Each structure stands twice: as C-alpha cells, then as structure tokens.
Amino acid sequence: MNQRAVILIALALLAACALPLLVSNYRVFQFTLVLVYAIALLGLNLLTGYNGQISLGHGAFYAIGAYCAAILMDKFGVPYWATLPVAGVVCLVVGFLFGLPALRLEGLYLALATFALGVSMPQLLKYHHLEKWTGGVQGIVIVKPDPPFGLPLSPDQWLYYFTLAVMILMFVLAWNLLRGRVGRALIAIRDHHTAAEAMGVNTALYKSLTFGVSAMYTGVAGALGAIAIQFVAPDSFNIFLSITFLVGIVIGGLASIPGAIYGALFIQFIPNIADEISKAAPWAIFGIFLIGFVYAMPLGVNGAIRMLIARLARKQQDGLRTAGSPLSENAAGKPENDSHTAG
Amino acid sequence: MAALLQVARLHAAYGPTRVLHGIDFALEEGSITALLGANGAGKTTTLRALCAMVKTEGEIRFGGARIEGKSTEDIVRLGIAHVPDGRGTFVNLSTEENLRLGAYVRRDKREVERDFERIYGYFPRLKERRHQQAGTLSGGEQQMLAVSRALMLRPRLLLLDEPSFGLAPLVVREIFSIMRTINQSEKVSILLVEQNAAMALDLADHAYVIETGRVVLSGTSDEIKQDEAVRRSYLGY
Amino acid sequence: MDALIHQVLAGLATGGIYASVALALVMIYQATHHLNFAQGELAMFCTYLAWTLINAGFGYWAAFLLTVGLSFVLGVVIERVVIRPVENSPVLAVVVVFIGLLVILNSVTGWIYSYTIKTFPSPFPAEPLFGNKYMSSHEIGAIGVTLVVLLLLYSFFRFTPLGLAMRAAAQNPASAKLVGIRVGWMLALGWGLACAIGAVAGMMVAPIVFLDPNMMAGILLYAFAAALIGGVDSPGGAVFGGFLVGVLENVLGAFVIGNELKLAVALVLIIGVLVVKPTGFFGKVHVIRV
C-alpha cells in the first residue's frame, strides 16, 4: 500500500474517532449502524464480489447472528462482547454447511437457493415450536450495555467505539486474507473456475470456506446490530434485508474493501433522504437513486473513484508528452477532431 | 481498377491503448491477401477495425465507398463476412441453425437453400452433424462451421482470423484447399490473418507483414517466400 | 383421497399462474440472458392499465388485446430507455437496475391507484365447467390460456427466423452482430414479448387474488423457482415447473407442514431438486470446450 493510501486511511480513522463527540446521540446510533452494515457488506463482498457466488440470502446470516446475541444476552445473561465470537462461530458453521450443497449450483440457481434461505428465515423465526427461544412474532428485547470502567461516554458513544474497533479488526483480517494466496485463489475461482481447478486449487474447499467466512462476518454484524437496536423481531430480517445488502455491495463497489463502507453509507442514509424528498412514494425515489447510481457508476462508488484517480494520473503523464497524436483524449474525454468512433 | 478494399492511415485503439499506428493496404477483387506477423502485431485488430468492432481513425473504402463509422451490422449487409478468432460459433444452437443465421440478412430464400446444399458439398461432415449442438463439434469441424456460416452470407469479402489456430495440419490443409476453390469458383475475395506464415503464403496471392501496428513489408507471396532474409527476420522460418 | 385430488387440482390451478409468469421470465432470459426481477411488478402495472381501460368502458376482450399491445410497447421502451445504458455493465449492476425498476413501479402504482384492493373481471363463465367441484371455469381457462401462449412462444422461437435471431443475440451478441443481427433491437423485442406475456399472466391472476400493488410479489418468487426448476432456457420446462410448484405448495401446505412453513419447505424442496439436477429438469447442460 502506498504512502498516499496510508495517509488517507489514517485521516479517515481520525475522523471516525472524532465523530461521536461532535454529533447528537441519534446520529451516533445511525453511524454505528453504518459500521455494522459495513461489516455485513464486507462479508457479502467476500462471497459475491471476490468469489463470484451470488447470495440473495445474507439477511438470514445477519438474523442468525442477531438472534444468537439476543438469546444469549436475554436468556443466559452472557455479556454483550462475548456474544460476538459465538455468533461468528455459529454462522461460520451454518454458512459452511450451506455452502456444501450450494457447490453444485451456479449463478442463477445459487441465487435462487440463497433467495429461498432469505425468504424462509422470518417464517422459521416465527415458527411456533421455536417460540420458546425466539420469542415468536414479538421478538426479544435486550438492554444496551453501559460503557465499562466508568468512561465518560453515553451508551451510544461507547457502542460506536466498540463497533468501530471490531470493524477495524475484521477489515484488517479480510485485507490480509485477500492480498495473499487466498485472495488470488478466490478471484481465480471467480474468473475462470476450470483453469483454477486445473492448476490445483481446491475449488470445492475454498468455495465452501468462503461461504462460511462470509456468513461469519455478516453474523457478527448481525449481533452488533441487535445490540445497537436493542431489539430483534422476525420481520426485520425479511428478504428485503438480503436485497438491500446486495444493492449495498454493488453500489459500493464489488470486490473492494472500501466499497463496503460506501455501500453501508448508501443503504443507511439514502432511504432517509428519499423519504424526505417524497412522503407519498419514497421507494420510487429510492429506486431512482439506485438506477441513477448504477448509470453514473456501473462499477460502484469505489470503481468510480479508482477511475478518477487513474485518469488524473494519466493526465499528469500526458502533460509530459508532446501533443498532436490522434486518438488522445482531451479534458472532456472525447476523441479529438477528425477521429471516427465506430460501432 | 480500384481495389475492392482500400485502407489508409488506419489507427485503432482498445480504450486508451493504441494498437494500430497508421496502416495502409489494399486488396484486389478476386484475390487472396494475407496479413502476417507475430503475436500481438495488430493483425486481429485490423480485421476488427474493418468490422467496426474497435474504435478507429482513418479511411476504409469498400467497393469505392467509405465505410468507417458504420455499425457492424450495416457492414455485414455490404457483403463483408468475418470469421473471428475463436470462431464465434453459437455453441448452444445446432449446426444447421448456425448456418441459417449466416444467411440472416438475405432475402432470396430459394438461393439460401441452394447454398445449404453447396456448403454441405464442401463439408460433408457438417451435413452429418447438422442437428448436433455446435459446441460439441471438434475443433476442425467448428472451424469448418465458422467458415461456412460466413459463406452463407454470399459475401464479396471474407475475413478469416487465424483459421489454422489449434488445428492439426491435415485439417488446415483441407480447409485451405476449400478456400482456394471458393475463391476461384465463386470469386470471393479473402483477407487472411495468420501466424502460420508458410501455409498462408501458399494460399495467398499477396501478403503484408505487420509489426507492432505498422505495415513493414508488402509484396506478392512469391516475392516474400523467395526472400530469405525477410522470411527469417519477420516470419521465423 | 378426495381431499388429495382437490389439493392437486387446486395446485394445478395456481400452478397455471406461476407457469405463465415463469414463461415471461424465461422469455426475457432467452432474449437477454438476464433474469428480470421486475417482471412481477411490470405485469401488475399492466394489469392496472387493463383495469383502467375496462373502467373507461372498453369491453373485456378489447381491453385485453389493447393491454397486450400497450404492454409490448412498454417493454420495448423500458429496454431501450432504462436498460440500454447498462447493457455492457456487470451482471449485478443490471440486477440492481432491475431492483430499482421493481421498486419504482410498485411505489408509483400504489401512489396512482392507492393500495385498496380492487376486483378484476374474468372472461370465463362463473359456473364451473361440467359442474365439477374442483376447479372454477376461470382456473381452467387460465391454464388453457397459459398453454396457448406457450405453444405460440415455442413455435416462434423454434421455427421463425426472428426467434432464432433473438436466441442467437442473447447467447452470443458479438457473433450475432457479425451475421448482421441488430442485437439492441432483439433485446428490446424480447422485453416487449415478456412484458406482454406478463400482462396476460397478471390479467389471469387478478380475478383470483384481487388487484393490489403487491399481488405479484409472492407469485414472482414461486415463478422464479418454477423457471429454474424447469430449466431457465426451456419454455416448456417453465410451464412444467409452474405446475409442479403449484401442486407442491398446495399439497405440502394442506398435508405436511401447515401454512406457516409451506413457503420455506417448498423452497427447500426446490433446492433439493436443483442439487440433484443443477440446471433444472429440462435445462440444457452447457458443454463448454475449454
């Protein structure tokens, strides 16, 4: 990673740490959710962006993580921070197990299978035989934790910092994983399955493991989300959550780590903005935002930023060359004078 | 006599990467012309440029009229058939469906049916496999199918991109001899891109050698075959 | 036994609906190689168009034909205006555009027509055929309409040059251009056809479930499952899948698991089928030479 990137990340971290001290508690809560979603989106991106396996059901893993946390805190008095590893492990196992039969399915078929998972989750959570644990339709209420060691922070602020710490940890973990052999293997499997196998990559193991790890990330996010919102109920984890996650990684930028953060900002704040623009048909406005973003940035926010950086770098280089060559692009990005674009 | 195809100062680029830096060449009607050169020289890009599959600059004249700026679909209608590298077979359709698509822009139904018979005459193996899914044909058969599909257009100019690629020499010889027949009996002009210079020079009348996006040599195939220095430095044999 | 027959027949009836929406999905897929998530909402919107026409005084069949025509045009326009800008974008980006379209249609329809349920007329007689006690005339009629549409579609794709061109354009746009096919317009045509079929499906569904902006949501899910279970490149498979899903849903709901979990169980079963037959019952297994 080059110097410029390190400086930018340091600045971003500084801003993130300063934030809760500058805004209202409600905004802190909203930004905590942004961090939560970022973790969930990174999980989904691992599977769909880097490894090419489409999931329309990650809301289910989020729900499992959330309910793990809620049940442990409510029924067993487990402290909030201890629920995270449990949620992670449970989702890792469930995700891996789901990934095994999913090995046989590709593209659309995998999308449908995961879609089924996402659709079934609310029904499962409402199932009356499980009501004892899940609290049925009413769900479970949990209490927001107080800051430890008597720190002079509000519960919202403490939870924000806690979530931030977890997020940084998990992002660094993912970054480390992706830039080495594992990352290359995942991308190889995504782009050319047959070739990867022929080169000795154990595609089946990688794909199932990726499912598991991806579910683990989203599950941990779910647990954090439950703690932040202090409430879990079946209908908050319906198929729209899964669809929202997918939208998030596409808008943010597939196969990118910062994309998870851009996407999280989008899915947390754009619906609010849409609501303010039109009370009558807020989802129509949201849909327009979706389409608009994809038109303007088909590779997501991250893709657009990278293209911008590349174009600026090229301009620096071009400025050093002599002018007058055909097909060079002027500032507006159009070919000069007498060129013909074909096709 | 004006050449069937005239290319002047042709530049082409893939996005920001320029591949052709001003190519000039011409092709006489009824002739077979070869474009030779090493990997990455720009031969395939030249064919793609003729069919408006890449961004270009410069002049392309077909039958005297300028065609740069037209869409691929319109260029096909002018009578240029392109057999791309990789063959471009519709792998999930049958052999016969592939051939029928070759004649998509034609209105003369009876002649199309006659062309089917003619093609099956050149390539009886395709007739045997007419209902088979095209993706399951062997490499050689797929190449025959690709060429046949182009011929179903009854083109004035046939563009062939690396027809020998991945095929056994015997199969290539078979296909090339049929190319010669078609060129002579049906007056189809052929522009042939090949890495296998030896076989290409046996088939072609004229040849151009391209290196990193520029024409570095041109002449009749006899001239080039006989010039040892040229053969060694540009064609590797 | 009587109850089982009843559930199976009722399943066939709803299955007919799933089959026609699945058909529309497969159509668009054959033409564009995209699975259109907005299909349900498009069908719903077009059904509202029909409702508006009928309320304006048009006779049923006049409104029906006019709606089919308008839906075709709508589909073509949406493809050229909304989808064309992302034609070359990554698959998932196109999916997000579909989702956006879905959400806009649903929201706008609710805003124009409100969310109160409306009744929609059926062209079929109210008395059951031959006085049978299993299926209403409408349900039988809906199945009949679905089968007719399927037959027309199959013939179109299999036997007409335009149908062949559309299939080619979807499978390999670059090669299609090289034989002179105007790929962009093939896509638009595919959308037009799919939208028209969707409208027919919507007009068959509405008399049963009543017209409201959310009427297609549940149906769409089952239609997806049906399309995939039958094999996403097989129109016949889509119809088969539709009937299968309909019967499964009813029989499971009545005898096995009760209404609470029938959605989940039906879907699990479908996944089970896909694991055994990953491209559906009638889907082509794609052979790729490496």
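Each reported figure results from applying straightforward, stated rules to the coordinates on display, with no laboratory input. Since the structure is predicted, the reported quantities are computational estimates derived from the model, not experimental observations. FYI the Cβ positions are ideal-geometry reconstructions off the backbone, even for glycines, and counts take in every protein chain you see.
In straight-distance terms, cross-link reach from C:K177 covers every one of the aspartates and glutamates whose alpha-carbon lies under 19 Å from its own, apart from those fewer than eight places away in the same chain; here that gives B:E68, B:E73, B:D74, B:D85, B:E96, B:E97, B:D161, C:E79, C:E87. Summarising the label geometry, the points placed 7 Å from Cα in the beta-carbon direction at A:W81 and C:T52 lie 6.0 nm from one another.
Is chain A rounded, prolate or oblate when judged by the Cα gyration tensor, a ≥ b ≥ c being the square roots of its eigenvalues, rounded requiring a/c under 1.5 and prolate requiring a/b larger than b/c? Cα axes put chain A in the prolate bin.
Starting from the Cα gyration tensor of region B:1-88, take the square roots of the eigenvalues, sort them a ≥ b ≥ c, and report rounded, prolate or oblate (rounded when a/c is under 1.5, otherwise prolate if a/b is larger than b/c, else oblate). Show your work: numbers first, answer last.
Numbers: a/c = 1.32, a/b = 1.27, b/c = 1.04.
Judged from the Cα gyration tensor, region B:1-88 comes out rounded (a/c under 1.5).
In plain terms, the residue of C:K177, A:K279, B:K225, B:K70 with the fewest other Cβ atoms within 10 Å comes first and the most crowded comes last, giving A:K279, B:K225, B:K70, C:K177.
Is there a simple number for the mean count of other chain Cβ atoms within 10 Å of the Cβ of residues in C:107-115, and what is it?
Per residue, the number of nearby Cβ atoms from other chains is 3 on average.
In terms of the Cα gyration tensor, with a ≥ b ≥ c the square roots of its eigenvalues, is the protein assembly as shown rounded because a/c is under 1.5, prolate because a/b exceeds b/c, or oblate? It comes out oblate by the Cα gyration axes. What FRET efficiency do you get for A:D318 and A:R181 if R0 is 30 Å and r is their Cβ-Cβ distance, rounded to the nearest 0.05? That gives a FRET efficiency of 0.25.
Using only atoms on other chains, find how many Cβ atoms lie within 10 Å of each Cβ of peptide C:84-94 and report the average.
Working: counts 0, 5, 4, 0, 1, 6, 7, 4, 11, 11, 3.
Mean shielding by partner chains, rounded to a whole number: 5.
Placing a label point 7 Å from the Cα of B:K187 along the Cα-to-Cβ line, the residues of region B:203-235 whose backbone N sits under 20 Å from it are B:205-206.
Only Lys, Arg, Asp and Glu carry charge here, each on its Cβ (+1 for the first two, -1 for the last two); on that basis chain B has a dipole of about 600 debye about its Cα centre. Computed about the Cα centre, the dipole magnitude for the protein assembly as shown is approximately 580 debye when only Lys and Arg (+1) and Asp and Glu (-1) carry charge, each at its Cβ. For region A:11-154, the equivalent ellipsoid built from the Cα gyration tensor has semi-axes of 30, 22, 13 Å, listed from largest to smallest. Could you tell me which of A:Y67, A:Y50, A:T194 has its Cα farthest along the dipole of region A:3-318 towards the positive end, charges placed at Cβ (Lys, Arg +1; Asp, Glu -1), taken about the Cα centre? Selected residue: A:T194. Across peptide C:58-71, the average count of Cβ atoms from other chains found within 10 Å of a residue's Cβ is 0.
3J(HN,Hα) along region C:62-71: 5, 4, 4, 5, 4, 4, 4, x, 4, 4 Hz, from the Karplus curve 6.51 cos²θ - 1.76 cosθ + 1.60 with θ = phi - 60°, whole Hz, x for Gly and Pro. Applying a threshold of 31 Å to the alpha-carbon distances of B:K187/B:K225; A:K207/B:K55; B:K43/B:K225; A:K144/A:K207; B:K43/B:K70; A:K207/C:K277 flags A:K207/B:K55; A:K144/A:K207 as lying beyond it.
Region A:1-88 gives an Rg/Rh value of 1.06, both radii derived from C-alpha positions and Rh following Kirkwood.
Projecting the Cα positions of A:G180, A:V143, A:G219 onto the charge dipole of chain A (unit charges on Cβ atoms of Lys, Arg, Asp and Glu, taken about the Cα centre) puts A:G180 furthest along the positive direction.
Taking the charge dipole of chain C about its Cα centre, with +1 at Lys and Arg Cβ atoms and -1 at Asp and Glu Cβ atoms, the residue from C:L164, C:V73, C:Y29 reaching farthest to the positive side is C:L164.
Annotation: the antiparallel percentage among DSSP beta bridges lying fully within the protein assembly as shown is about 60. Dividing the convex hull volume of the alpha carbon atoms of chain C by its residue count gives 147 Å³ per residue. Helix B:109-122 versus the longest principal axis of chain B: what angle, 0 to 90°, nearest 10, using Cα atoms? Helix B:109-122 and the main axis of chain B meet at about 70 degrees. Shape analysis of chain B based on the Cα gyration tensor places the equivalent ellipsoid semi-axes at 28, 21, 17 Å, largest first.
Simple point charges give the picture: +1 on the Cβ of Lys and Arg, -1 on the Cβ of Asp and Glu, and for region B:98-177 a dipole about the Cα centre of about 380 debye.
Residue exposure proxy: C:H34, A:H58, ordered by other Cβ atoms within 10 angstrom of their Cβ from fewest to most, comes out as C:H34, A:H58.
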